[in-house]
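Presented below is the structure to which this report refers.
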Amino acid sequence: MSGQTTAEELGPVTTLATPIRLDFEFTPGVAQSRFLRGLEKGKFVGQRCPTCGKVYVPSRGSCPTDGVPTTEDVDLGNVGTVTTYCVVNVPFAGQSIEIPYICAQVLLDGADISFMGLIQEIPTDEIRMGLRVEAVWVEPEELTPSLASVRYFRPNGEPDADYETYKDYL
Amino acid sequence: MPESEALHASHVLEYPYSRSVGPVIGAFLTGLRDGKLLGVRGTGGSVIVPPTEYDPATGEDTGELVEVGPGGVVESWAWVPNPLPKHPLARPFAWALIRLDGADTAMLHVVDAGGPDQVATGDRVTVRFRPAGERIGAMADIEAFVPEGGAS
């Protein structure tokens, strides 16, 4: 036993690891697959409702208001507006980003729904509603059909958006 | 691949839970790590394995820990011809209720018996621990039970 840890050194067993693991086979469906394939090309692709004209990104394939299929793809730009945000200060298991960091809802120009993005390259005490941001993508050879293709959003230097331009998207 | 075709991916969701085991189960697991099987004395002197903090029949506190095994008797069993990835053995095996020598209750574990014709109710089996350096204080520290004096 020399060289091995003795039972006395280890002490009594007080905890037991009991992981629960679920293995899924996931399909995002046709509409969201278009969005994901867009990410693989380094662009945001939404879809427009033929009835109300709203542009959803990512599109679920139908308009939740009108209940009709969204068939027209819309290439959206790389630029949007922070509508709301949260500064994360709390560490948690599996955290992959150093705290504090900023999680924000970003409304892309031309879209009618915001989605969540990480905001970087700005001190956490300077984040604000209306901040204009642009997506920073991974290197072209690292693009995949996943939101991991978007590294984060950062301020693009434009003046803040007028509240009137995004007040209906909060 | 046509643009309309839906993507597909595997996705793993895992919760890395860790439980605190308390003094009695903790002692049992510590025993496993040390290569020993421990039960606990319940009301009227019966020996409960795995040990519990309370006698399940009377609700009274249990008493001293007692060493049981390493041999025991198969009380019932079910053959697993096609083990799943999460099963303790990659080859076919039996789940069995095993009443260890000195115990009054049976414990669920694995019998590594080669085939369903080599395990029967009433068979004598004995514990096969993992090597000391691989034991961590968990049920899997027991690799399997094997037929006593058998070839496995």
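The values are calculated or read from the model by the stated rules, or taken from the named source; none is laboratory data. All values derive from a computational prediction rather than experimental measurement. Here the Cβ is made from the backbone with ideal geometry for all residues, glycine too, and neighbour counts use every protein chain on show. Side chains included, ligands, DNA and RNA excluded: accessible areas come from the protein's heavy atoms. Shrake-Rupley method; radii C 1.70, N 1.55, O 1.52, S 1.80 Å.
Structure summary
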{"quantity": "One residue from A:66, A:125, A:109 being open to solvent by 20 Å² or more (accessible area, probe 1.4 Å) and within 26 Å of residue A:145 (Cα to Cα)", "calculated": "A:109"}
{"quantity": "Looking only at the stretch A:41-58, and only at residues there that are more than 19 Å from the chain's Cα centre (by Cα) and part of a loop (DSSP other than H, G, I, E, B), the one that is nearest to residue A:119 (Cα to Cα)", "calculated": "A:54"}
{"quantity": "Lone unmet requirement of (1) outside any helix (DSSP H, G or I); (2) touching a residue at least 24 places away in the same chain (Cβ under 8 Å) for residue A:166", "calculated": "(1)"}
{"quantity": "Output for the stretch B:111-136, where each listed residue is of a type in the set (Asp, Glu) and within 14 Å of another protein chain (Cβ to nearest Cβ)", "calculated": "B:134"}
{"quantity": "Selection status of residue B:137, open to solvent by 50 Å² or more (accessible area, probe 1.4 Å), part of a loop (DSSP other than H, G, I, E, B), in contact (Cβ under 8 Å) with a residue 12 or more places away in the chain and among the small types (Gly, Ala, Ser)", "calculated": "no"}
{"quantity": "Matching residues, the stretch A:20-57, being more than 10 Å from every other protein chain (Cβ to nearest Cβ) and in contact with a Gly (Cβ under 7 Å, 6 or more places away or on another chain)", "calculated": "A:44, A:45, A:55, A:56, A:57"}
{"quantity": "Every residue from the stretch A:111-170 that is basic (Lys, Arg) and more than 23 Å from residue B:8 (Cα to Cα)", "calculated": "A:128, A:132, A:154, A:167"}
{"quantity": "Positions within the stretch A:59-104 being assigned to a strand (DSSP E or B) and over 19 Å from residue A:166 (Cβ atoms), in sequence order", "calculated": "A:62, A:69, A:72, A:73, A:75, A:87, A:88, A:101"}
{"quantity": "Test: residue A:170 is hydrophobic (A, V, I, L, M, F, W, C) and at pLDDT below 95", "calculated": "yes"}
{"quantity": "Selected residue [crowded, with 18+ Cβ neighbours inside 10 Å and either free of Cβ contacts under 8 Å to residues at least 12 places away in the same chain or closer than 21 Å to residue B:149 by Cα (or both)] from B:68, B:40, B:24, B:49", "calculated": "B:68"}
{"quantity": "Matching option when the condition is among the basic types (Lys, Arg) and over 24 Å from residue A:136 (Cα atoms), among A:48, A:34", "calculated": "A:48"}
{"quantity": "Meets criteria (more than 12 Å from the chain's Cα centre (by Cα) and open to solvent by less than 70 Å² (accessible area, probe 1.4 Å)) for residue B:62", "calculated": "yes"}
{"quantity": "Residue match in the stretch A:55-63 (condition: hydrophobic (A, V, I, L, M, F, W, C), surrounded by fewer than 14 Cβ atoms within 10 Å (Cβ to Cβ) and within 29 Å of residue B:9 (Cα to Cα))", "calculated": "no"}
{"quantity": "Selection within the stretch B:52-66 - more than 18 Å from residue B:26 (Cβ to Cβ) and among the β-branched types (Val, Ile, Thr)", "calculated": "B:58"}
